[in-house]
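I have placed the structure first, in the form of structure tokens, so that the comments after it can refer back to it.
Readers should treat all values here as calculations from the given coordinates under stated rules, not as data from a laboratory. Because the structure is predicted, anything quoted here is derived from the model rather than measured. Positions of Cβ are generated from backbone atoms using ideal geometry, with glycine treated the same way; all protein chains shown enter the neighbour counts.
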């Protein structure tokens with residue numbers, strides 16, 4: 001979505017007069033993008049990710065049916081709702097458009113109020129879908145991404161890093177002695193700790209490319225992309241320090257004064273022969289070693305490095 005206030009609609013038609021009429025009709029309620037042919041429509045849809053596409057059927061070169069087939073094939077545009085606005089009013093054409101994935105079909109010559117009502121209806125349905133998707137991807141306790149969101153983001157970011165030849169980093173985080181904390185202070189207090197730790201980590205994540213998620217229980221995970229190794233390590237250290245600086249009292253038994261975390265992180269340039277689960281396994285192994293070495297520390301490694309080439313940060 002281009003505008004933060006208005007949804008975005010891509011209007012595709014080879015007739016300039018139709019583009020002008022539809023644009024004038026909708027521009028007070030949406031941000032309008034125009035395309036005069038099928039190839040341009042696909043390019044703009046991929047680049048600008050409109051919320052809805054109004055698509056003519058009869059166009060020179062690539063007709064509307066071919067355009068929607070390509071849009072539905074591409075992962076980045078497959079979920080964009082398409083409304084056909086066409087002079088083809090026969091039942092077969094309408095049925096074909098709907099079978100190809102269109103959410104609606106408006107006949108030309110169109111009535112202005114009908115176009116506006118249909119667009120408003122599908123924008124409302126889309127907003128409801130966005131809300132449901134957001135709720136399904138959010139951990140209700142900490143308000144950060146949940147495991148479901150993480151799994152999808154991991155695959156997506158890994159593929160993007162491969163295509164761009166960009167860096168990728170993954171960090172596993174575990175709250176030290178969390179069971180003992182719950183046993184001492186109760187689960188309600190433990191929930192507050194989870195919220196505070198999630199907030200402390202989130203406050204250090206400032207990039208749209210990065211993700212913090214609750215992995216399960218007292219474990220969190222970070223995905224950091226398009227940063228050099230030094231940036232990644234400094235950001236991770238800032239998260240580690242921020243949690244220490246919360247100074248949440250812990251049991252003083254066994255010299256556990258405040259709540260701390262252990263971290264295991266990997267940094268790499270993803271290869272096409274390598275699966276993202278390998279990075280997750282490596283980070284988890286490093287987290288386990290960090291806990292073995294006394295907790296309250298960060299262990300780092302490059303994916304291509306051996307186990308003898310790790311960096312450690314601890315108290």
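A compact table of results
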item: Segment residue 17-residue 285, extension gain: residue separation times 0.36 nm, minus the distance between their alpha carbons; result: 90.2 nm
item: Nearest-ten-degree value, helix 276-292 long axis tilted from longest Cα axis of the chain; result: 20
item: Radius of gyration and maximum dimension Dmax of the stretch 199-295, Cα, Å; result: 14.6, 48
item: Compactness of the stretch 8-133 as Cα Rg over 2.2 N^0.38 Å, two decimals; result: 0.96
item: Cα convex hull volume per residue for the stretch 21-79 (Å³); result: 76
item: Degrees between helix 16-26 axis and first principal axis of the chain (Cα, 0 to 90, nearest 10); result: 60
item: Spin-label pair residue 90/residue 255, simplified geometry with 7 Å Cα→Cβ offset, distance in nm; result: 8.5
item: Difference of contour (0.36 nm per residue) and Cα-Cα distance, residue 70 to residue 160; result: 30.4 nm
item: Helix 64-73 vs. the chain, principal-axis angle (Cα, 0 to 90°, nearest 10); result: 10
item: Pair-distance profile P(r), taking every C-alpha pair of the stretch 114-177, with 5 angstrom steps and integer %; result: 4, 13, 14, 15, 14, 14, 11, 8, 4, 2, 1, 0, 0
item: Debye intensity ratio I(q)/I(0), log10, the chain, q values 0.07 Å⁻¹ (C-alpha model); result: -0.41
item: Taking 130, 258 and counting other C-beta atoms within 10 Å, the order from fewest to most; result: 130, 258
item: Under 14 Å from the residue 151 label point (7 Å along Cα→beta-carbon), backbone N, the stretch 267-301; result: 277
